[in-house]
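Everything below concerns the one structure shown next.
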Amino acid sequence: MKTYIRRFERNDQLVVFYGGWGTDENVFTPLCNDDFDFILFYNYSADEALVLPEMKVYRKITLIGWSLGVWAAEYLSLKTGIKPNLTIAVNGTPVPADDQYGIPLKIFEGTLNNMTEENMEKFYLRMFGDKRTYRMNADRIPHRSIKSLNDELRWLYNRIMEQTEPGFRWDYAVSSEIDRVFPSENVNSYWKKEKSTRHIVLPLPHYLFNRWNSFSEFINFVEQFRKKRATGRKKEETVIKDL
């Protein structure tokens, strides 16, 4: 596992981010500014020792898990010892390889067994939603070798197959209607049964963070969101267009 750390002495807020499979710091550093410290965990390719800075006392710690990072947050949080004030799951579930609540098992295994440069380009295209968005976010495309991608996904698959019942507290779950990585029906089915988690559904693709200028903006949006899905899709779309 890799760790990316960005910190400033004066900051009293920390964002802890668990990235999805196949990512690196290039995907997320455009959302960093000087207002908060940032720790990114990614490339889960081995049971390696965690690399953590000496922890400061923070006024607020926000944990975000995105894609397979939702599962990774549950798997690794006890090991990190980081205790967040706010937790947000984005476009993922704690059971990521699952026909009902995650990526269907045949698709997950098919990705693992057919990893090529061409297929990875298709995967990143699905991640961003369409060719135009993919090209506009060329600077956020990860720089990873096929071997590292394969090693990571195999490690994730093996750990996921061993997993116990989820037991992490998620305050918010954000899911996308046009997600081409995690089927939206499966993600929605999982969070619908989690009554203690506020579920926000948005008309966006799997990678949605390019709609915000920073993680601070995204976190503020989530905390201020007071519209449930039942209030109507039109209102939700209006909120997004005004960002």
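Across the stretch 108-141, what is the number of residues that are in contact with a strand residue (DSSP E or B) (Cβ under 9 Å, 6 or more places away or on another chain) and either β-branched (Val, Ile, Thr) or under 19 Å from Ala46 (Cβ atoms) (or both)?
So the count comes out to 1.
Please go through the stretch 84-130 and pick out each residue that is assigned to a helix (DSSP H, G or I), in contact (Cβ under 8 Å) with a residue 24 or more places away in the chain and among the charged types (D, E, K, R).
Of everything in the stretch 84-130, those that are assigned to a helix (DSSP H, G or I), in contact (Cβ under 8 Å) with a residue 24 or more places away in the chain and among the charged types (D, E, K, R) turn out to be Glu109, Glu117, Arg126.
How many residues are of a type in the set (Gly, Ala, Ser) and either at pLDDT below 95 or more than 15 Å from the chain's Cα centre (by Cα) (or both) if we restrict to the stretch 183-213?
The qualifying residues number 2.
Of the residues Asp99, Asp37, which is more than 17 Å from the chain's Cα centre (by Cα), of a type outside the set (Gly, Ala, Ser) and buried (at least 19 other Cβ atoms within 10 Å of the Cβ)?
Asp37
Check Ile160 against each of (1) aliphatic (A, V, I, L, M); (2) in contact with a helix residue (DSSP H, G or I) (Cβ under 7 Å, 6 or more places away or on another chain); (3) under 20 Å from Phe218 (Cβ atoms) and name the one condition it does not meet.
The one condition Ile160 does not meet is (3).
If we scan the stretch 171-182, do we find a residue that is over 30 Å from Asn119 (Cα atoms), modelled with pLDDT under 95 and either surrounded by fewer than 17 Cβ atoms within 10 Å (Cβ to Cβ) or not aromatic (Phe, Trp, Tyr) (or both)?
Checking the stretch 171-182: not a single residue is over 30 Å from Asn119 (Cα atoms), modelled with pLDDT under 95 and either surrounded by fewer than 17 Cβ atoms within 10 Å (Cβ to Cβ) or not aromatic (Phe, Trp, Tyr) (or both).
When you scan the stretch 24-83, how many residues do you find that are part of a strand (DSSP E or B) and more than 25 Å from Phe182 (Cα to Cα)?
Qualifying residue count, the stretch 24-83: 4.
From the list Glu194, Glu185, Glu165, which residue is free of Cβ contacts under 8 Å to residues at least 60 places away in the same chain, charged (D, E, K, R), surrounded by fewer than 17 Cβ atoms within 10 Å (Cβ to Cβ) and assigned to a helix (DSSP H, G or I)?
The match here is Glu185.
Quick one: which of Lys79, Lys106 is closer than 30 Å to Leu52 by Cβ and surrounded by fewer than 13 Cβ atoms within 10 Å (Cβ to Cβ)?
Lys79
The values are calculated or read from the model by the stated rules, or taken from the named source; none is laboratory data. All values derive from a computational prediction rather than experimental measurement. Positions of Cβ are backbone-derived with ideal geometry, glycine not excepted, and every protein chain shown enters the neighbour counts.
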